[in-house]
Structure formats: C-alpha cells, structure tokens
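In what follows, a structure is listed as structure tokens, so that the remarks can point back to it.
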Amino acid sequence: MMRRGLLLILSSPSGAGKTTLTRMLMAWDPAIRFSISATTRAPRPGEQDGREYYFRDRQTFEHMVKTGEMLEHAEVFGNFYGSPKAPVEAAMADGRDTVFDIDWQGGQQIRNSALGRDVVSIFVLPPSIAELELRLRKRGQDSDAVIADRMSKSRNEISHWAEYDYVIVNRDLDSAFSDLVTILNTERLRRDRQPHLNDFVRGLNQEFEAR
C-alpha cells in the first residue's frame, strides 16, 4: 500500500537558506509537490494562475477561509495569502509529500489543523547574525532599508525555533541539504507512515505457522 504523503514545513528568517533548500529538495525528488499559495493580490506581468499563485478575489478567499478550505492564511500589506487544503490532501492521498516555504505563524496554523499529525516542521538557522546580513547583501536584490527591515524581523522569527520538530544550522549549504534529506527519509520510514507493514508482518506470521 502507498504511504500517506507528508506536509514538510520549512521556516527561517530571510537569508538563512530555506528557499534554496526547498529548490534543492524538489530537484532531488521531483515527486515532491510545492504548496502554491492563494492570494487576493492582482497578478503581476508574466504570472499565471496556478503557477506562481492561485489568484482569487477577496470574497472567494474569505469564503474559502470560512468553509475550512485553507490550511493557513494571513493578511500582508492589505492582501490575503494562504495555503489551499484541497491540493495538499490530493497529494497526500497520492503518496506525495508537500513542502511549504512559510513563516512560523503559517506553520503553527497548519500544525494545529486537522492535518497536523502529518506535519514535519523544520527551522533553518543561520550560523551567525553577521553571516545572515552578509547573505542578504550578497543577493544584491534589496536596498539598505529593506535589508534593515528584514534583519529587524529576524530576531522575532528566530525566537520561534523551539516550536519546530527539527532545527538545521545552515553553516554550509551541502551539509544543510544532507541534514534535510536525512530528516525526510527518517520521517518517511516511521512505522505509522508505512501502512503496508501490517500485511507484511501478517505474512511473516503465516510463514511461521506453515513451518
């Protein structure tokens, strides 16, 4: 029997490496599904519904929240963002894992949802605050003001590290990725995630009886 898919939550302060690790994980196992968020903001040029986001109007989004169709949601700068439940449940039933690149608040909502028993949560820490800032600057994408804002938020984000099942300190990307794969493989092998074992052990007992 096919195992039930996992919900793999990756969180970190901006610059610690969770997005890069997520991309590496999906390249390592193409069967892993990335959770595409729904949003009420308008599509930007080149964005497609169902690829970057599921674009929904505010009324539709609020209805999805009210009827329990969102695993988690939050309002950011006047727009709603959230993780639709239906695609995740479909992937789980198909034996596929879903990875979420979300913050601690979203992770908390999913852990407290009806699918909480299928969650594996991982927090990625930087090796130091100085290195965290250096990585943000090396991106070359943000102004000094944006970097300062990200750094100011990182302290609060890091304060939630103990709420996670696992913590990876990203000193070296290859080592951090190796740790991530080890965690995923270990969780996939948990007894309660291998439904075929009951039949397998029953077969072993039948072999004993036939001797």
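A short reminder: the numbers here are calculations on the coordinates, not readings from a lab. Small disclaimer: the values here were computed from a predicted structure and weren't measured. FYI the Cβ positions are ideal-geometry reconstructions off the backbone, even for glycines, and counts take in every protein chain you see.
What FRET efficiency comes out for A74 versus V201 if R0 is 41 angstrom and r is the Cβ-Cβ distance? Round to the nearest 0.05. Show your work: numbers first, answer last.
Working: r = 44 Å, r/R0 = 1.07.
After rounding to 0.05, the efficiency reads 0.40.
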0 to 90° range, to nearest 10: angle between helix 144-158 axis and the chain longest Cα axis: 40 degrees
Debye, to nearest 20: dipole size of segment 37-110, +1 on Lys, Arg Cβ, -1 on Asp, Glu Cβ: 180 debye
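Can you give the Rg/Rh ratio of segment 7-193, where Rg is from the C-alpha atoms and Rh is the Kirkwood radius? List each step's numbers first, then the result.
Numbers: Rg = 16.7 Å, Rh = 17.5 Å.
Taking Rh as the inverse mean 1/r over Cα pairs, Rg/Rh reads 0.96.
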Segment 63-211 - percent relative contact order, Cα under 8 Å, separation 6 or more: 17 percent
Order of L132, L189 - criterion: other Cβ atoms within 10 Å of each residue's Cβ, fewest first: L189, L132
Between 0 and 90°, nearest 10: helix 197-210 axis offset from the chain longest Cα axis: 20 degrees
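For D142 and N156, calculate 0.36 nm times their separation in residues minus their Cα-Cα distance, and state this gained length in nm to one decimal.
Working: separation 14, 0.36 × 14 = 5.04 nm, distance 2.03 nm.
Stretched out fully, the D142 to N156 stretch lengthens by 3.0 nm.
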Highest-MSF residue in the chain out of V119, V169, V201 [GNM, Cα springs under 10 Å]: V201
Cα pair distances of segment 1-58 binned at 10 Å [whole percent]: 19, 36, 38, 7, 0
Crossing angle, helix 18-28 versus the chain [Cα axis fit, 0-90 degrees, rounded to tens]: 40 degrees
Taking E72, E209, E47 and counting other C-beta atoms within 10 Å, the order from fewest to most: E209, E47, E72
Inter-site label distance for R191 and D165 at 7 Å from Cα along Cβ, in nm: 1.7 nm
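Order these peptides, 23-33, 5-15, by their mean beta-carbon neighbour count within 10 angstrom, highest first.
Values: 23-33: 13.9, 5-15: 24.1.
Packing order, densest peptide first, comes out as 5-15, 23-33.
Using DSSP, restrict attention to beta bridges with both residues in the chain and report what percent are antiparallel, rounded to the nearest 5.
Details: 8 of 26 bridges.
Just about 30 percent of them are antiparallel.
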Non-local Lys pairs in the chain, i.e. 8 or more apart or on different chains, that have alpha carbons under 25 Å apart: 5
Per-selection Rg to Rh, segment 30-108 - Cα, Kirkwood hydrodynamic radius: 0.96
